[in-house]
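Data block below; observations after.
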Amino acid sequence: MMPGDGIGKTVLPEAIRVLEAVGFEAEYVHADIGWDYWCKEGNPLPQRTTDLLHEYKLGLFGAITSKPKDAAEKELDPALKGKGYVYFSPIVSMRQLFNLDLCVRPCISFKGNPLNFIRKNGKGGYEEPIVNTVIFRQGTEGLYAGIEWTNPPENVREAFSTHPKWKAFKDVPPEELAISTRIVTKKATVRILREAFEYAKRFGYKNLTLCEKPNVLRETSGMMFKIAKEIAKEYPDIALWDTNIDAQMMWLTKNPEEYGVIVAENMFGDIISDGFAGLVGGLGFACSANIGEEVAVFEPTHGSAPKYQELNPSIVNPIAMILSACMMLEHIGETEKSQNIKDAIAKVVEEGKIKTYDMLKIKGGADSIKNGANTTQEMTDAIISKL
């Protein structure tokens, strides 16, 4: 149980209330993570927390605060400054440390959600397509692998100089140069594509889309597409589609209901999953799983929203966190309990009697409750009442 920062400390206890209400019995062990531990200890993911994950294998994670390099350095405890501490996202660290290479993000509409995507039809009216898309984002490689330099050392420059395209940069002073790498391996690509095809088969999806950019990123995206075509031969009932990330973002609001399972590298998966989340209610409804071969961590995709942390009563939407807990239940085989919770959420949303501020499309803040929004706890109470 890793509440983390900001509203993570608010929504995680709400998810646990729902888990207890559905009859899931567990021991919840608190683990330290987040900005406070960076500031005090120079490590937002302390060793004691990774030890707990090694032991228990399952994690429920709230939210994290991340800041740019200079801001992180500024907030570090004075006694730790100048000692080589460098801030690195704890969720990215967990993905790499435990090889949580499968980042799964369902983006599924709830009937009656006022935040669902609508579009004009050809008859002058409107239609609300049902979006049922699950993104498989590769979680440990790609552009987020963390292999990058500012003012790269000479041996790095020498390595890059072996590529003919480096000629355009060979005269750039090292202090004016920053390099990030995009790394894709066959092993990780095979794993995510096979898991995605199996997911599509298990849940009846008719297509799997590889969303990349092989016309420009010819080596990394190209390798992914080549592997996808090979694996697709084993799944003749599932159509393999390929889209470019830029075109996909355009088609996102043209025909989102046509896409089933989507596979993408780390950054492209990050982008496309947030895009699809916007069609089904935004980050208040966006859940995710980070799954390795041994350890799995489940989290909402929203941030820590520190401006809402101190509001009393709380106004934030707990559904994304609760849906993340449902993914945890499914991962360990408690599918009936997960479905019961999702059915309860669906009933609350469709009834429309209880709505957090985001569902009312009003500004979040101290006046949200006065303006008709329900509290975080009231939303959880409503879901529990349906159980």
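Read the figures in this text as sums done on the coordinates, not as results from a lab. In this text the structure is predicted, and so the values were computed from the model without any measurement. All Cβ positions, glycine included, derive from the backbone under ideal geometry; neighbour counts span all protein chains shown.
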Practice problem: Go through the stretch 307-357 and name the GluC sites (Glu not before Pro) that are in a DSSP coil and have 11 or fewer other Cβ atoms within 10 Å of their Cβ. | Solution: Glu310
Self-check item: Spin-label pair His331/Asp70, simplified geometry with 7 Å Cα→Cβ offset, distance in nm
Solution: 3.7
Quiz prompt | Extension gain from Glu20 to Ile183, taking 0.36 nm per residue of separation minus the Cα-Cα distance | solution = 54.5 nm
Quiz item: How far is the Cα center of the stretch 46-75 from the Cα center of the stretch 255-326, in Å?
Solution: 18
Practice problem: In nm, give the distance between the simple-model label positions of Val29 and Val156, each being 7 Å from the Cα along the Cα-to-Cβ direction. | Solution: 3.7
Quiz item: Using modelled backbone amide H atoms (1.01 Å from N, in-plane), which distant-in-sequence or interchain residues come within less than 5 Å of Ile262's amide H?
Solution: Val134, Ile135, Phe136, Thr209
Quiz prompt | Estimated FRET transfer efficiency when R0 is 35 angstrom, pair Tyr126-Val190 (beta carbons, to 0.05) | solution = 0.25
Quiz item: What pairs in Lys74/Lys307; Lys337/Lys361; Lys186/Lys213 have C-alpha atoms more than 24 Å from each other?
Solution: Lys337/Lys361
Quiz item: How long is the gain from Val86 to Glu148 if the chain were fully straight, where each residue apart is worth 0.36 nm and the alpha carbon distance is subtracted?
Solution: 21.0 nm
Quiz item: Karplus couplings for the stretch 344-350 from phi (6.51 cos²θ - 1.76 cosθ + 1.60, θ = phi - 60°), rounded to Hz, Gly and Pro as x?
Solution: 5, 4, 4, 5, 5, 5, 5
Quiz item: Considering only DSSP states other than H, G, I, E and B, which GluC sites (Glu not before Pro) in the stretch 207-296 qualify as loop sites with at most 13 other Cβ atoms within 10 Å?
Solution: Glu219, Glu234, Glu293, Glu294
Quiz prompt | Neighbour cut-off at most 15 other Cβ (10 Å), DSSP loop, GluC sites (Glu not before Pro), the stretch 1-55 | solution = Glu25, Glu27
Practice problem: Excluding residues on the same chain fewer than 8 positions from Lys386, give the aspartates and glutamates whose Cα lies under 13 Å from its Cα. | Solution: Asp343, Glu350, Glu351, Glu378
Quiz item: What is the list of residues in the stretch 48-65 whose amide nitrogen lies under 18 Å from a point 7 angstrom out from the Cα of Glu294, following Cα to Cβ?
Solution: 48-60
Practice problem: Report ³J(HN,Hα) in whole Hz for each residue of the stretch 325-330, in order, from the Karplus equation J = 6.51 cos²θ - 1.76 cosθ + 1.60 where θ = phi - 60°; Gly and Pro get x. | Solution: 5, 4, 4, 5, 4, 4
Quiz item: Given a Förster radius of 22 Å and the C-beta distance between Ile118 and Asn207 as r, what FRET efficiency does 1/(1 + (r/R0)^6) yield to the nearest 0.05?
Solution: 0.40
Quiz item: Tell me which aspartates and glutamates have Cα within less than 14 Å of Lys233's Cα, excluding those fewer than 8 residues away on the same chain?
Solution: Glu198
Practice problem: Would you mind checking Lys9/Lys206; Lys229/Lys254; Lys40/Lys355 for any pair whose Cα atoms are more than 28 angstrom apart? | Solution: Lys9/Lys206; Lys40/Lys355
Self-check item: Other-chain or far-sequence residues with amide H under 5 Å of Ile33's (modelled H)
Solution: Gly4
